[in-house]
Amino acid sequence: MELMNVEKQRKEKADLAEIDVGDVSYSDEILDGGLVRAIYKSAKQQITGVEFQLSLLSIARKFPFTAELQKEILADLQTLYAKSPLTWDFLARQELSADPPPSAESTSKQTKAQELARREEQCSRVYESALSAVPTESMWELYLSFCVERFKRQTNSKELKQQRQERLLEALQKAHEAEFLPQARYQDWIALLLELGQGDVAAQVLTAATDRSPGSVDMWKQRLETLVTLRVENLEWVFEKALASVKEQDSLPLWMLMVDWSEKERNEESTESLYKKLVLKPTVTRTMKEKYLDWAYRRHGYKRARKVFSSLHESRPFSEDFFQKMIDIEKDQEKSRMVNLREYYERALREFGATRPDLWLSYIKEELSHEEGKAENSRALHWRAMKALQGAAVEEFVKKHVLLQSGCL
């Protein structure tokens with residue numbers, strides 16, 4: 001507000017000078033920003049933090065007469081917050097907006113690309129100084145964000161594009177070696193290496209990453225996905241090592257990846273053996289029962305799927321999706337049997353009937369629409385649902401049942 005007041009007074013003084021209205025008194029102290037500087041000094045004593053300091057600098061930059069104030073704020077920023085990654089990030093990015101040297105070839109695309117390359121290189125040097133002064137993961141993340149941002153920018157200059165690529169790869173490698181590369185950044189790195197056809201390098205990087213963080217499910221998952229993509233042979237031992245390294249309760253993503261790989265790369269006996277093993281593991285059994293049922297149907301059809309279902313339908317715990325998958329398989333047949341659908345719905349309701357109003361509604365709808373269905377069964381199901389459902393599920397069931405009766409569901 002004070003800067004806006006100064007701007008207004010400076011404009012008024014300039015306008016009055018043009019029309020020569022005589023002496024009009026304006027405070028040089030105010031016009032030169034003296035009061036603004038006083039406000040700034042008070043502010044920095046009352047409120048600390050690099051973000052606040054940068055916000056004041058951002059405000060000052062909106063006014064062309066604040067050069068001295070900007071220098072003061074910048075000097076304080078470097079003095080008071082010299083160890084803050086945000087300070088270094090700001091100082092580095094200043095190099096991108098620095099005024100270019102005068103050039104007679106300023107309109108040349110090649111010259112513009114060269115100038116931009118020079119600025120980015122200078123910016124990178126500031127970041128490198130920062131990494132020496134503040135060697136932390138957050139400082140590396142800011143530098144990597146800069147490298148990725150510049151790499152993704154469009155350019156017609158092959159030299160500039162190559163420079164950005166080399167800088168990004170070098171930064172990722174150094175952050176990895178310093179053990180400061182955030183896990184999320186490995187994905188960018190591996191994707192770039194694979195795009196460049198450097199699959200062997202990608203595999204080596206991920207091996208080092210999982211050796212360093214053996215309990216990380218995300219790192220193992222990325223390593224295994226990469227090896228699957230590269231179609232590496234004898235991959236089973238890597239899966240086994242991964243699963244032995246992570247906590248069992250966190251292992252589901254790795255088991256999911258393994259069964260998908262097994263379906264594509266191994267023989268049927270090996271895959272079925274794996275499924276039979278997994279449906280007995282308490283931490284993954286709910287998901288694996290559904291996947292096993294789906295695989296059996298895709299590979300061998302309805303009879304095999306029903307056999308798998310029969311072998312598992314008494315083995316708790318279950319997921320609702322397991323029963324829904326068998327219902328969908330039955331309905332996928334050219335002539336589905338209502339007697340079978342009733343069996344699947346009844347088994348599902350035995351497990352989830354107290355909390356799943358949509359399950360009751362689907363069963364009722366089936367009795368009303370299936371050629372072998374019975375309307376009187378739908379009325380009995382309504383009565384049973386009202387008795388079985390609890391809490392808010394009852395109200396939801398009543399509302400949706402009304403919609404079903406009116407043909408809107």
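How large is log10 I(q)/I(0) at q = 0.11, 0.16, 0.17, 0.19 Å⁻¹ when the Debye formula is applied to the Cα atoms of segment 272-409, each weighted equally and without solvent? Scattering profile of segment 272-409, log10 relative to I(0): -0.44, -0.86, -0.94, -1.09.
With respect to the chain, whose longest principal axis is taken over its alpha-carbon atoms, helix 375-388 is tilted by about 60°.
Straight-distance candidates among the lysines for linking to residue 241, with alpha-carbon spacing under 22 Å and chain neighbours fewer than 8 residues away dropped: 221, 264, 276, 277, 281.
Rounded to the nearest 500, the helix-only mean residue ellipticity at 222 nm of the chain stands at -23500 deg cm²/dmol, with each DSSP H run of n ≥ 4 adding -39,500 (n - 2.57). Multiplying each eigenvalue of the alpha-carbon gyration tensor of segment 201-352 by 5 and taking the square root yields semi-axes of 34, 17, 11 Å, largest first, rounded to whole angstroms.
Stretched out straight at 0.36 nm per residue, the stretch from residue 240 to residue 256 would grow longer than its current Cα-Cα span by 4.4 nm.
For the chain, carbon and sulfur atoms together expose 50% of the accessible surface, with a 1.4 angstrom probe and every protein chain in place. Rolling a 1.4 angstrom probe over the protein heavy atoms with all chains in place gives segment 201-345 an accessible area of 51 Å² per residue.
Determine by what factor the alpha-carbon radius of gyration of segment 346-409 differs from 2.2 N^0.38 Å, reporting the quotient.
Here the Cα radius of gyration is 1.03 times the empirical estimate.
Pairs exceeding 22 Å between alpha-carbon atoms, taken from 325/365; 303/374; 83/152; 8/44; 8/62; 152/174: 303/374; 83/152; 8/44. Based on the Cβ-Cβ distance from residue 207 to residue 264, what FRET efficiency comes out when R0 is 22 Å, to the nearest 0.05? For R0 = 22 Å, the calculated efficiency reads 0.45. Taking segment 261-301 and a reference point 7 angstrom along Cα→Cβ of residue 307, the backbone N atoms nearer than 16 Å belong to 268-276, 292-301.
The values are calculated or read from the model by the stated rules, or taken from the named source; none is laboratory data. As the structure is a prediction and not an experimental result, all values here were calculated from the model. Don't worry about glycine lacking a Cβ; one is built from the backbone with ideal geometry, like all the others, and counts go over all protein chains shown. Just the protein is used for accessible areas: all its heavy atoms, side chains included, with ligands, DNA and RNA removed. Shrake-Rupley method; radii C 1.70, N 1.55, O 1.52, S 1.80 Å.
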